[in-house]
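The values are calculated or read from the model by the stated rules, or taken from the named source; none is laboratory data. The model shown is predicted, which means the values in this text are computed figures rather than measured ones. Positions of Cβ are backbone-derived with ideal geometry, glycine not excepted, and every protein chain shown enters the neighbour counts. All accessible areas refer to the heavy atoms of the entire protein, side chains included, with ligands and DNA or RNA removed. Shrake-Rupley method; radii C 1.70, N 1.55, O 1.52, S 1.80 Å.
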Amino acid sequence: MFKTSTNAICLIVLSCCLLIACGLNKNTGAVVDDSKGSEVKAVKASIVQKLKEFDSQPVEQRVALYYQLKKESPDAYTFGVEDELTMYGYGLLWNKKVSEAVAIFKLIVAEYPNSANAYDSLGEGYLSTGDTAMSLTNYKKSLALNPDNFNAEDYIERIKNPNKKPEKPTERFVKIFTPEQYKADLDQLGQTLTTVHPNALKFISKDAFWKTIEAKKALITPHTTYGEFAWHCNEIIANVHCSHTTMGGFYPENAMLPLSLRFPLQTRWVNNQLFVIDPLNNTDKVKLKDEILSINGVAVSTIIGGIYKHIPAQGYAETTKKHYFNWWSTGLIPYALDFPETYTIAVQGGKDPIVLHQATTFKDPYDDSSIQRCDNGLCFEVLADDPKTAILTIASFNYYPWNNLSVFTTFIDKTFVEINQKGIKNLIIDVRFNGGGSQQSSIHLLRYLVDKPFQYYARAEFEGKTEKIDGEGVVAPFENRFKGKCYFMMDGNGQSTTGHFMSLVKVFKLGTIVGEELGSNQFCSAGQKICRLANTKLEYYVANNTHESTATSLPDEVGILPDHYVTQSIDEYLSKVDAVKAFTIKLMHKK
């Protein structure tokens, strides 16, 4: 685990959840031409990208190359950037190249002998090989360097007591701490959020933020369970209005909720109406497409409004909250209603309330299969009935210099060669479901769409920054850029880097935008530190840097807005009709 210490007992996390960050703070040394043919070159090339060129060679040769380049060209590469090497090591570890990862982690320890992060990573590497003795040694070194490193502390305990059974999520759900412990943790949560997050009070006043915490403290009783406490914390965290600041995307809360307490219907919130999309074990009670008006006597609109207060999102964008609810509805409804043991609903056209059977199954997070998606997230398709029109699907920008950026750039380069060869006139770019990724991916695609040099970032601020990063310099269009008409499809799932990309599409007027409000925009508080409360041990993630595109004229409070607002109706959803795609093609033909 990659981490750093703060007074709030926090760890930086670079795991799957961080791979959707607004941008990795590295300079890849890319060379581009401006409109006059001169070069704009980054100050330093990425040492990891250089090492990756030799990934087919034994790792010992790559380590030797590192030292050779450091001796011969110390100013040419990004030596001194521990994070970059760490991510290279974890990329190897995640790809099951454990011995190579250990070698890179050992290199990092040698280069940064006073880094708790380095020893912690090496401890994890050795643990992956099964060498618990060496793992324990390195975790202890990490903890000695950083006594607040609770990750190392936890692993030391696990290694020393391998037979100790971990606490089950459902056991934690009903666990009770003292009111004093809960209240102290709420204070710590508030202090951590306002200390670590650089923009914690951008969308809420300091007074309103702390009033919410005091209101939650007033609800604490000697009988408050951990599950109830976690729901209180959710609202406090959501008050920061940042999609990168969460408790883990509702996965922890969902995992600990007992099946017997779940809402026993799969529902979908569409155009301010709640419909049944799967009766589950209540087929004798309700039918598909029944509209639910109330649950346990509470109006659906009231329930949804309360739940929205607990869902993190960028600014005041509600489309993100809608999708979030639709993923997790069987779990969110119980939390919002204080975990009732039975559920009674009223449906449109129904004469009497319906008492539902207790849940016996659930499908959260509920996958939206109503829109056909390409298998690997990057697809290019020429329409069979219109050979001059193509759809380019970019379901992720999650391609980084330290790992797999070349996969993205190679795909994009080949795609635009094909676009030119086939004389494509209309290009539909689909960024729906795109949770973000690296700025390098976004910039690479933009260079095929813009008609003049541009700068990606207006500002990029993070701890330890010593030089400009990719996106802060001027880059130019590719010579074989697309010169036809562009259409963009987006939705509330679009986060982080997707906001930067679409903000520049908007201000550069690169094409017509169709869909719903994007879940992000030009302003992004990104990166993450994983923090843990002292008493309850509740873990949460806090953004710790700021990346803003040059589309600063757009409002920060809302997501990027479409030129044509289109979303699925309930009938289109159930029939698996891609309303946004159909509208876009029809609009294109009309024009």
By residue number, the members of segment 492-502 that are touching a helix residue (DSSP H, G or I) at 6+ places or on another chain (Cβ under 9 Å) and open to solvent by less than 10 Å² (accessible area, probe 1.4 Å) are 492, 494, 496, 497, 498, 500, 501
Kindly establish whether residue 494 is under 23 Å from residue 520 (Cα atoms), out of contact with any His (no Cβ under 6 Å at 6 or more places or on another chain) and at pLDDT 95 or above.
yes
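Out of 200, 152, which single residue is in contact with a Ser or Thr (Cβ under 6 Å, 6 or more places away or on another chain), aliphatic (A, V, I, L, M) and closer than 25 Å to residue 243 by Cβ?
The match here is 200.
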Just checking: which of the helices (runs of 4 or more DSSP H) contained wholly in segment 62-140 hold 1 or more residues that are without any contact (Cβ under 8 Å) to a residue 24 or more places away in the chain and over 21 Å from residue 151 (Cβ atoms)?
98-111
Filter segment 138-167 for residues that are crowded, with 19+ Cβ neighbours inside 10 Å and hydrophobic (A, V, I, L, M, F, W, C); which is nearest to residue 110 (Cα to Cα)?
143
Would you tally the residues in segment 547-585 being aromatic (Phe, Trp, Tyr) and in contact with a helix residue (DSSP H, G or I) (Cβ under 9 Å, 6 or more places away or on another chain)?
1
Criterion violated by residue 409 - all others in (1) over 25 Å from residue 313 (Cβ atoms); (2) buried (at least 19 other Cβ atoms within 10 Å of the Cβ); (3) more than 20 Å from the chain's Cα centre (by Cα) satisfied
(2)
When you go through 212, 170 one by one, which is the residue that is in contact with an Asp or Glu (Cβ under 9 Å, 6 or more places away or on another chain), open to solvent by 20 Å² or more (accessible area, probe 1.4 Å) and among the β-branched types (Val, Ile, Thr)?
212
Residue check: is residue 408 in contact with a helix residue (DSSP H, G or I) (Cβ under 9 Å, 6 or more places away or on another chain) and hydrophobic (A, V, I, L, M, F, W, C)?
yes
Taking the conditions exactly as written (of a type outside the set (Gly, Ala, Ser), touching a helix residue (DSSP H, G or I) at 6+ places or on another chain (Cβ under 9 Å), at pLDDT 95 or above and at negative phi), does residue 81 satisfy them or not?
no
If you scan segment 412-423, which residues turn out to be out of contact with any Pro (no Cβ under 8 Å at 6 or more places or on another chain) and open to solvent by 60 Å² or more (accessible area, probe 1.4 Å)?
414, 417, 420, 421
Return the residues of segment 247-284 that are of a type in the set (Gly, Ala, Ser) and either outside any loop (DSSP other than H, G, I, E, B) or without any contact (Cβ under 8 Å) to a residue 24 or more places away in the chain (or both); say none if nothing qualifies.
255, 260
When segment 550-591 is examined, which residues are found to be charged (D, E, K, R) and either touching a Ser or Thr at 6+ places or on another chain (Cβ under 9 Å) or surrounded by 13 or more Cβ atoms within 10 Å (Cβ to Cβ) (or both)?
556, 557, 563, 572, 576, 578, 581, 591
Looking at 118, 133, 103 in this structure, which one is modelled with pLDDT of 90 or more, among the aliphatic types (A, V, I, L, M) and loosely packed, with under 15 Cβ neighbours inside 10 Å?
133
Which listed residue, of 478, 482, is open to solvent by less than 20 Å² (accessible area, probe 1.4 Å), touching a residue at least 60 places away in the same chain (Cβ under 8 Å) and assigned to a loop (DSSP other than H, G, I, E, B)
482
If you go through 189, 193, the only one that is within 25 Å of residue 339 (Cβ to Cβ), open to solvent by less than 20 Å² (accessible area, probe 1.4 Å) and under 29 Å from the mean Cα position of the chain (by Cα) is 189
Residue 379 meets each of (1) within 23 Å of the chain's Cα centre (by Cα); (2) in a loop (DSSP other than H, G, I, E, B); (3) without any contact (Cβ under 8 Å) to a residue 24 or more places away in the chain with one exception, condition (2)
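Yes or no, residue by residue, for (1) within 21 Å of residue 493 (Cβ to Cβ); (2) crowded, with 20+ Cβ neighbours inside 10 Å:
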{"position": "335", "(1), (2)": "no, yes"}
{"position": "339", "(1), (2)": "no, no"}
{"position": "345", "(1), (2)": "no, yes"}
{"position": "365", "(1), (2)": "yes, no"}
{"position": "374", "(1), (2)": "yes, no"}
{"position": "383", "(1), (2)": "no, no"}
{"position": "388", "(1), (2)": "no, no"}
Output the number of residues of segment 235-281 satisfying the condition of being in contact with a helix residue (DSSP H, G or I) (Cβ under 7 Å, 6 or more places away or on another chain) and of a type in the set (Ser, Thr, Tyr).
4
Would you be able to tell me the number of residues in segment 424-437 that are farther than 24 Å from residue 403 by Cβ and open to solvent by less than 20 Å² (accessible area, probe 1.4 Å)?
3
So which of 525, 549, 496, 503 ends up being touching a strand residue (DSSP E or B) at 6+ places or on another chain (Cβ under 8 Å) and at positive phi?
496
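Could you go through segment 446-469 and let me know if any residue there is assigned to a loop (DSSP other than H, G, I, E, B), within 15 Å of residue 510 (Cβ to Cβ) and open to solvent by 50 Å² or more (accessible area, probe 1.4 Å).
yes
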Just to be sure, is residue 541 part of a strand (DSSP E or B), hydroxyl-bearing (Ser, Thr, Tyr), open to solvent by 10 Å² or more (accessible area, probe 1.4 Å) and touching a residue at least 40 places away in the same chain (Cβ under 8 Å)?
yes
